[in-house]
Each structure stands twice: as structure tokens, then as C-alpha cells.
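The values are calculated or read from the model by the stated rules, or taken from the named source; none is laboratory data. This structure is a prediction, so every number in the text was calculated from the model and none was measured. Please note: Cβ atoms are built from the backbone with ideal geometry, for glycine as well, and neighbour counts cover all protein chains shown.
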Amino acid sequence: MTCSTNDKTVTAPQSFPLSMTSPGEKVTIVFIRPGSNLQERLMSMGISVGDIVTVEQRQEKGAVIISRDGRKYGLGGGMSQKILVKRE
């Protein structure tokens with residue numbers, strides 16, 4: 001998958017939106033689409049590119065609960081759609 005942002009192209013091989021994962025999957029965050037404070041919000045939760053997270057739950061509309069280092073985080077479908085991951 002290739003993502004273009006402000007004349008920059010980012011290639012994330014075999015990546016897909018976090019919203020398309022399944023419960024129990026371990027994934028690495030490879031790209032966070034810029035805009036609307038998403039990066040800042042995730043950083044305030046301690047989540048950033050390169051982190052490995054486990055998908056605990058996923059709802060039909062893409063909302064997910066992920067865990068990292070024993071902590072759980074809920075992300076809405078809009079947020080999880082903007083986070084690209086790859087399987088571990």
C-alpha cells in the first residue's frame with residue numbers, strides 16, 4: 001500500500017487499516033495518517049509508529065480495543081481506519 005501526504009509518498013508493505021484486524025492478532029503500527037490531532041492523541045496515550053499492539057476486540061464498524069504493555073485502549077472506527085498496521 002502506498003500513502004501520499006503533502007508531496008511525500010510512504011510505502012508500507014503488506015499494510016492495512018487497524019479497523020480490518022481480528023481479535024487476538026498482534027500487529028505493528030507502520031503509519032498514522034496525518035491530520036485532525038490523531039497523531040497527538042495517540043502519542044498522549046503512549047502509542048506511536050513502530051509499536052506492537054494486540055487487538056482485543058473489534059466491532060462491525062471498525063472500532064477496536066487494543067492492548068500494549070498491559071494497558072487497553074479503545075479507538076473509534078474513524079481513528080482505526082487511519083492507522084495502518086502489518087501482521088507480526
Do the conditions hold for residue 60, that is, is it acidic (Asp, Glu), at negative phi and modelled with pLDDT of 95 or more? no
Mind checking whether some residue in the range 31-48 is among the aliphatic types (A, V, I, L, M) and part of a loop (DSSP other than H, G, I, E, B)? yes
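Quick grid of which residues meet (1) surrounded by fewer than 16 Cβ atoms within 10 Å (Cβ to Cβ); (2) closer than 12 Å to residue 21 by Cβ:
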residue	(1), (2)
36	yes, no
50	yes, no
63	no, yes
71	yes, no
82	no, no
88	yes, yes
Report yes if some residue within the range 44-57 is at pLDDT 95 or above and over 12 Å from the mean Cα position of the chain (by Cα); otherwise report no. yes
All positions within the range 63-88 that are touching an Asp or Glu at 6+ places or on another chain (Cβ under 6 Å) and among the hydroxyl-bearing types (Ser, Thr, Tyr): 67
